[in-house]
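The values are calculated or read from the model by the stated rules, or taken from the named source; none is laboratory data. These figures come from a predicted structure and were not determined experimentally. With ideal geometry, Cβ positions are generated from the backbone for all residues, glycine too; neighbour counts draw on all protein chains shown. The accessibility values were calculated without ligands, DNA or RNA, using every heavy atom of the protein model including side chains. Shrake-Rupley method; radii C 1.70, N 1.55, O 1.52, S 1.80 Å.
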Amino acid sequence: GCGGGILSESMAKKQAASVLGIDLADKSIKVAKLHALEAGVKNLRYQAIAAEDLAAAQPAAFDVITCMEMLEHVPDPASIVHAAAQALKPGGVAVFSTINRNAKAWALAIVAAEYVLGLVPRGTHHYDKLVRPSELAAWARSAGLVLNASRGVEYNPLTRRVRLSANTDINYMLAFAKPA
């Protein structure tokens, strides 16, 4: 789910590696391709393909896989985690970010962010689709991945700054390695 390619493009600009951004939405792919063309980014490709299909076509092909703020929007997040593990090279790293499923996350990530502050459109998130860190870790373990790191992602609406923290109550990131 590369969306408009913000992370993909940033990674391609910062690294000397090739980057592939995928998404099922053709519109997102077109926007991302246009922006990359305008920015002159050369080591970046986009493809409209499901994660599961990419993993089947290119098993053990990627050094790093990121799945940011997507798991809470798909019908089967465990399938995405398994696809990432399948596509990851031995020794590779997969990083997932999502929103925790608890009362605090509901109050701040849904009620406050969508309905009070208007940071994201209303109805973007649904409580029942949010993912607890324990669920994500279990899916990853089942796919053969090992947890490397866990960090919270905190947003301050007054300063409009984001920072990493130890608090995984709302937004969080988990990084996993595929054993060599």
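Data overview
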item	result
Carbon/sulfur fraction of accessible area - segment 1-157, other protein chains in place, 1.4 Å, %	58 percent
Under Karplus coefficients 6.51, -1.76 and 1.60, residue-wise ³J(HN,Hα) of segment 87-104 in Hz, glycine/proline x	7, 7, 5, x, x, x, 10, 10, 10, 10, 10, 6, 10, 5, 10, 7, 5, 5
R122-A103 pseudo-label distance in nm [points 7 Å out on the Cα-to-Cβ vector]	2.5 nm
Percent of beta bridges antiparallel (DSSP, the chain, rounded to nearest 5)	65 percent
Whole-Å semi-axes of the chain's equivalent ellipsoid (Cα gyration tensor)	25, 21, 15
Estimated dipole of the chain in Debye, rounded to 20 [Cβ of Lys and Arg +1, of Asp and Glu -1, Cα centre]	480 debye
Listed pairs K13/K104; K14/K178; K14/K104; K13/K89; K42/K129 exceeding 32 Å between Cα atoms	K13/K104; K14/K104; K42/K129
Per residue, the convex hull volume that the Cα atoms of segment 94-180 enclose (Å³)	94 Å³
Kirkwood Rh and Cα Rg combined as Rg/Rh, segment 1-70	0.94
Simple Cβ-charge dipole of segment 94-166, Lys/Arg +1 and Asp/Glu -1, about Cα centre, in debye nearest 20	140 debye
Extension reserve of the E52-S150 stretch, reckoned as 0.36 nm per residue once the Cα distance is removed	32.8 nm
Whole-Hz ³J(HN,Hα) from phi, Karplus 6.51 cos²θ - 1.76 cosθ + 1.60, for segment 38-55, glycine and proline x	5, 7, x, 7, 9, 8, 9, 10, 10, 9, 8, 7, 6, 4, 5, 5, 5, 4
